[in-house]
Amino acid sequence: MKEELIRIENGKIRKGDHLLDIDVEISRGESIGIISDNLMNSEAFLDFFRGNLRLEQGKVYFLGERTSMEETGKRITESTMILERKNKFSPELTAWDFLVALRGGIGRNGKKEQLKRFYSPEAEEVRKNLEIDFQWRDSLVSLTPLSLCRLYLFKAWFYHYEIMVLGHITEVLRENDIHKLMEYVEYFLQRGMAFLLVDQESDFLFSHTCRIDILKNGITCYRLFPEQFEEETLIHIMRGKDHGKERDMDKISGKKEKYSSISAPVLEFDKVVSDVTDELTFQIRKGEIGVLLDYNYQTAFEMRKIFLNEKRWKRGQIRVNGTACSPAGISSMLGKEIGIQLENSGKKGKTLYYNLSGLENLSSMLIPKMGSRIVRKKIEKNIMKEASEWFDEELLRQKVSEWSPEDRLRLSYYKWYLVNPQILICFFPFSGTDFLKYRIIMDMLTMCAEKGMAILMISTDIEGICEKINDANFINRIRYINKK
């Protein structure tokens, strides 16, 4: 049995006014995947290992011994190193500074021990296995992403860190570099180091972990082992805390819901006032397209902060399905109950992954990076059948970078049709597009509304566009929120 390094049971960490759940269990030589239904929750997980969040409740064990919560932060800092996608370094900082000079409080004898270890045969072997290709006087900003990873791994070995956390490294490394990095990780796993891979890429986690801990609403709700990959498990995980099975099965099958103009409001703003906007009061129901006219972009700016950055408004209430929501509550709904469609969504760097195929883009939204390859294939087969009405099978298997701008635009909306959030918020959907693409956007939004979504559209030019493209199905669903 492998030696247990750290175990946190029923832990709670404080972030602002909220207590978030955290459960961790990892042993020597293990590589554990961490995947979350919401990026904000995975950021809170990383913040704990950065030392920015403090454990307030729970039981903690290091090397099998109970540790007090007062000691937990110190032990985490001493035993854990984080390699993540967000790093800002001073241009003057060198690789040698990063390794040695910045580590204070060790005294003259400590520095001698550092140099002794650096020039030891064991260190030479580690550098050789890491294929270190930079000079120690090179500035950190000049290093390639892979070289920076090599430096982090060497530093983790140099100071006897027992746990290495890789935070979303698939977002910054090329595919070949990821394979090379994981070869280095395997080398250190064999030497007894443990790795936590916090990422949203399922194939990456399937290939390089022995267990995947799945976070939902900040809670480790399931621990997935290879032998447990079953369709029933996937459905259970996809349902989430407040969802019924029927609604999630409808997402998979693409089943349409009836539009009712007298249904209860899905999204409500009740006298909401933010930093730069006047009081907003409106309701949007299933199947409606509520248009919020914004000629100076100030409303859109505030809406982005509320829905994407957990920005708290000054007063008033925002309700979803009649329940008042906090900024953190809204954040937890993103990608599930609430979908966000940014402007110019068919363009690179917006809502599509250009290095993935169309099918992979769709499945990455519908399957929250969980489940076995067998189950994934079954779901992808259903997606392929459902999407065949809009896209050829050959096209769906091509990388999105090879698609035409029109097909990319259509795909960026079609993914929400499959996910079927209760609310879809569109920021300036017609901005930056030419006249020929207006019809595509109208068709896709109408299709989403027909499925039962409540759509909030923030726009400046919708009235003129509706005059040019006289689409009765689209126009009949529009309701202006703040038209004078």
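Values in this text are rule-based calculations from the coordinates and carry no lab data. Everything numeric here is computed off the predicted structure, so don't read it as measured data. We place every Cβ from the backbone using ideal geometry, glycine too, and count neighbours over all the protein chains shown.
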Exercise for review: Take every Cα-Cα distance within segment 394-484, group them into 5 Å bins from 0 onward, and report for each bin the whole-number percent of pairs it holds.
Suggested key: 2, 12, 24, 24, 20, 10, 5, 1, 1, 0
Point to revise | Distance from segment 302-346 to segment 141-192 (C-alpha centre basis), Å | key: 35 Å
**Study point:** Spread of Cα-to-Cα distances over 5 Å intervals beginning at zero, given as percent, for segment 57-188
**Key:** 2, 9, 17, 20, 20, 15, 10, 6, 2, 0
Review point. How big is segment 18-78 by Rg and Dmax over its Cα atoms, in Å?
Key: 12.1, 34
Review point. For segment 11-22, in order, what is each residue's ³J(HN,Hα) by Karplus, 6.51 cos²θ - 1.76 cosθ + 1.60 with θ = phi - 60°, in whole Hz (x at glycine and Pro)?
Key: x, 9, 10, 9, 10, x, 8, 10, 9, 9, 7, 8
Exercise for review: Determine the gain in length on full extension of the stretch SER120-ASN482; use 0.36 nm per residue of separation and subtract their C-alpha separation, reporting nm with one decimal.
Suggested key: 123.2 nm
Review point. What full-extension length gain, to one decimal in nm, is calculated for TYR222 and ASP443 as 0.36 nm per residue of separation minus the Cα-Cα distance?
Key: 75.7 nm
Study note, to complete from the structure: Once amide hydrogens are built 1.01 Å from N within the peptide plane, the residues lying 5 or more places from THR460 or on another chain with amide H under 5 Å from its amide H are ASP294
Exercise for review: Over 24 Å between C-alpha atoms is what I'm after, so list which of LYS271/LYS468; LYS74/LYS305; LYS399/LYS451; LYS399/LYS437; LYS415/LYS468; LYS314/LYS451 land there.
Suggested key: LYS271/LYS468; LYS74/LYS305; LYS399/LYS451; LYS415/LYS468; LYS314/LYS451
Check your understanding: When you count, for each residue, the other Cβ atoms within 10 Å and take the mean per peptide, how do 201-211, 55-65, 439-449 rank with the highest first?
Key -> 439-449, 201-211, 55-65
Exercise for review: Let me know the volume per residue of the alpha-carbon convex hull for segment 285-335, in Å³.
Suggested key: 105 Å³
**Study point:** Sequence ranges 326-334, 389-397, 286-294, ranked by mean other-Cβ count within 10 angstrom, highest first
**Key:** 286-294, 326-334, 389-397
Point to revise | Extension gain (nm, one decimal) between GLU389 and ILE132, 0.36 nm per residue minus Cα-Cα | key: 87.4 nm
Study note, to complete from the structure: Taking 424-432, 309-317, 471-479 and ranking on average Cβ neighbours within 10 Å, highest first, one gets 424-432, 471-479, 309-317
Practice item. With just the Cα atoms of segment 386-447, tell me how far they stretch along each of the three principal axes, in Å, largest first. Key: 30, 28, 17
Practice item. Starting from the Cα of TYR187, step 7 Å toward the Cβ, then list every residue of segment 132-154 with an amide N under 18 Å from that point. Key: 132-136, 144-154
Practice item. Give me the distance in nm between label points sitting 7 Å out from Cα along the Cα-to-Cβ direction at LEU308 and SER401, one decimal. Key: 2.3 nm
Review point. Can you list the residues, at least 5 places off or on another chain, whose amide H is less than 5 Å from the amide H of GLY339, using H built in the peptide plane?
Key: ILE423, LEU424, ILE425
